[in-house]
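K.L.:
One structure is given below, represented as C-alpha cells, and several questions about it will come after.
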Amino acid sequence: MVGDSIRGRADASLARVARASERRMRIDHPVAGAVHVGVVTGAAVLAGLAVERLGRGRPLVAAAGTAASTWAVLGGARLAADGTALARQLETGDLAATRQTLKAWDSRCSQELDGVSLARASVEAVAQNSSDTVVAPLLWGAVAGVPGLLGARAVGVVRRMVAEQAGRERFGSAAAHLDTVVNLLPTRATAALTVAGAPVVGGSARAAWRAWQRDTVLHPSPNAGRVVAAYAGALEIRLGGRTVYPDGVRELPVLGDGRNPDAGHVTRAVELSRVVGWLAGVSSAVVALIPGLRRLRRSRRRVR
C-alpha cells in the first residue's frame with residue numbers, strides 16, 4: 001500500500017489524513033494535487049494552532065505542548081535506528097533486508113541495486129532525511145512555532161507519498177513545488193551543519209565544504225544534492241549518479257571525489273546525522289529565543 005513506508009508518530013497520523021484526502025481526488029491534475037497538499041498541510045497547521053491556543057497564558061501547558069509536538073515530529077531516533085540496521089545488514093550481506101529497510105526512507109527503486117549501490121543509497125537516505133525529518137521541522141518550529149513544526153513535516157509526508165506512486169507526476173507537482181520552497185533554508189542549514197560537524201566523526205570539513213559548493217552547481221534541483229554533497233565530502237566518498245525512481249531514471253551529478261561507500265560509511269553517516277541533529281537543536285533554540293530577547297530589551301527601555 002502506498003505510504004506504508006511512512007512510519008513514526010506524527011508521520012503515521014499525517015499519512016492517514018493524506019490517504020483520506022487522496023481517495024477523494026483521483027484526478028491526475030495539478031489543481032487536485034494543490035487542493036490535496038493544502039488540505040493535509042492545513043490540517044497540520046490548524047492542529048499546531050490548537051496546541052498553541054491551549055497553552056496561551058499557561059507556560060507549563062505551552063511548554064508541554066511544544067515538547068510533545070517536537071517529540072512526535074522529529075525522526076532522528078528512528079533514522080539512527082534504521083541507519084544502524086542498514087549498516088549491519090550490508091555488513092552481513094543481507095541485501096534483501098537492506099532493500100526493505102531502505103524502503104522506509106527512500107522512494108528510489110532498489111530491487112536491482114548491488115551492495116555498493118545500496119550503501120550509496122543508504123548514506124544518501126540518511127543525509128536527506130537528516131534535513132527532512134530533523135533540521136527542517138526544528139527550524140520551522142523555531143520560526144513559526146508548533147504550526148510551523150507540524151506544517152513542515154506534513155509537506156514532507158505528502159511529497160514522499162506522492163513520489164512513491166508512478167504516473168502521478170501532475171498530481172504531485174504542487175507538493176513537489178511546496179516542498180522545494182519549504183526546504184530552501186533547511187537544506188542549506190543542514191549542509192552548513194554537516195561541514196561544522198564533520199570533524200566530530202573523523203570527517204573532513206574542508207572536503208564537505210568543497211563538495212557542497214562545487215558539485216551541486218550542475219544539480220537540477222535547488223535543494224536536492226546539497227546535503228548529500230556535504231555528506232559525501234565529509235565522509236570522503238562518492239555519491240549521486242544514475243538513480244532510478246518510480247517515475248523514471250535520473251542521471252544526477254556525481255557528488256564528492258572519494259571512494260565508493262560501504263557499510264562502515266553508513267555507520268559514520270548515522271553518527272554524523274546525530275551531530276547535525278544536536279547542532280540543529282541548539283541553533284533552533286537560539287533562533288526561537290531571539291524574539292523573546294528583543295521584547296525583553298524593549299520592555300527594559302520603556303521602564304528606564
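The values are calculated or read from the model by the stated rules, or taken from the named source; none is laboratory data. All values derive from a computational prediction rather than experimental measurement. Reconstructed Cβ throughout: ideal geometry from the backbone, glycine too, with neighbour counts over all protein chains shown. With ligands, DNA and RNA removed, areas are computed over all heavy atoms of the protein, side chains included. Shrake-Rupley method; radii C 1.70, N 1.55, O 1.52, S 1.80 Å.
K.L.:
Please determine, by comparing only the residues of region 135-171 that are touching a Pro at 6+ places or on another chain (Cβ under 6 Å) and modelled with pLDDT of 90 or more, which one is farthest from A104 (Cα to Cα).
P.N.:
L139
K.L.:
Among what's in region 94-143 and is assigned to a loop (DSSP other than H, G, I, E, B) and open to solvent by less than 50 Å² (accessible area, probe 1.4 Å), pick the residue that is farthest from N183 (Cα to Cα).
P.N.:
Top of the filtered list is L113.
Residues are listed down the side, and each one gets a yes or a no for (1) under 21 Å from V134 (Cα atoms); (2) touching a strand residue (DSSP E or B) at 6+ places or on another chain (Cβ under 6 Å); (3) small (G, A, S):
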{"site": "V17", "(1), (2), (3)": "no, no, no"}
{"site": "R24", "(1), (2), (3)": "no, no, no"}
{"site": "A44", "(1), (2), (3)": "yes, no, yes"}
{"site": "D82", "(1), (2), (3)": "yes, no, no"}
{"site": "L90", "(1), (2), (3)": "no, no, no"}
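K.L.:
Okay, next question. Test T180 against the criterion of being among the hydroxyl-bearing types (S, T, Y), under 23 Å from V143 (Cβ atoms) and open to solvent by 30 Å² or more (accessible area, probe 1.4 Å), and give yes or no.
P.N.:
Spelling it out, T180 is indeed among the hydroxyl-bearing types (S, T, Y), under 23 Å from V143 (Cβ atoms) and open to solvent by 30 Å² or more (accessible area, probe 1.4 Å).
K.L.:
Here's something else I'd like to know. Would you point out which residue out of V61, V37 is open to solvent by less than 40 Å² (accessible area, probe 1.4 Å), in a helix (DSSP H, G or I) and of a type in the set (A, V, I, L, M, F, W, C)?
P.N.:
V37
K.L.:
Just give me the residues in region 19-34 being open to solvent by less than 70 Å² (accessible area, probe 1.4 Å) and either not in a helix (DSSP H, G or I) or not polar (S, T, N, Q) (or both), in sequence order.
P.N.:
If the condition is that a residue be open to solvent by less than 70 Å² (accessible area, probe 1.4 Å) and either not in a helix (DSSP H, G or I) or not polar (S, T, N, Q) (or both), then R19, A20, E22, M25, D28, P30, A32, G33, A34 are the ones that fit.
K.L.:
Exactly one condition in (1) within 30 Å of V123 (Cα to Cα); (2) open to solvent by 60 Å² or more (accessible area, probe 1.4 Å); (3) not in a helix (DSSP H, G or I) is false for W71; which is it?
P.N.:
W71 satisfies all of (1) within 30 Å of V123 (Cα to Cα); (2) open to solvent by 60 Å² or more (accessible area, probe 1.4 Å); (3) not in a helix (DSSP H, G or I) except (3).
K.L.:
Related question: Out of the residues in region 262-281 meeting the condition of being among the aliphatic types (A, V, I, L, M) and open to solvent by less than 40 Å² (accessible area, probe 1.4 Å), tell me which one is farthest from I237 (Cα to Cα).
P.N.:
A280
K.L.:
Of all residues in region 231-240, which are under 21 Å from the mean Cα position of the chain (by Cα) and open to solvent by 10 Å² or more (accessible area, probe 1.4 Å)?
P.N.:
Within region 231-240, R238, G240 meet the criteria.
For every residue, the table says whether it meets (1) in contact (Cβ under 8 Å) with a residue 60 or more places away in the chain; (2) in a helix (DSSP H, G or I); (3) under 21 Å from the mean Cα position of the chain (by Cα).
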position	(1), (2), (3)
L185	no, yes, yes
G197	yes, yes, yes
R210	no, yes, no
P222	no, no, yes
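K.L.:
Report yes if R206 is assigned to a helix (DSSP H, G or I) and over 25 Å from R268 (Cα atoms), otherwise no.
P.N.:
no
K.L.:
From V228, V201, grab the single residue that is crowded, with 24+ Cβ neighbours inside 10 Å and under 26 Å from A263 (Cβ atoms).
P.N.:
That would be V228, the only listed residue that is crowded, with 24+ Cβ neighbours inside 10 Å and under 26 Å from A263 (Cβ atoms).
K.L.:
Criterion first (modelled with pLDDT under 90 and within 17 Å of T243 (Cβ to Cβ)) does A119 satisfy it?
P.N.:
It is false that A119 is modelled with pLDDT under 90 and within 17 Å of T243 (Cβ to Cβ).
K.L.:
While we're here: Given the residues R53, R78, which is the only one that is over 19 Å from the mean Cα position of the chain (by Cα), open to solvent by 30 Å² or more (accessible area, probe 1.4 Å) and of a type outside the set (D, E)?
P.N.:
None of the others qualify; the one that does is R53.
K.L.:
Can you say whether T66 is buried (at least 18 other Cβ atoms within 10 Å of the Cβ) and in contact with an Asp or Glu (Cβ under 9 Å, 6 or more places away or on another chain), as far as the supplied structure shows?
P.N.:
Considered against the rule, which asks whether it is buried (at least 18 other Cβ atoms within 10 Å of the Cβ) and in contact with an Asp or Glu (Cβ under 9 Å, 6 or more places away or on another chain), T66 comes out as yes.
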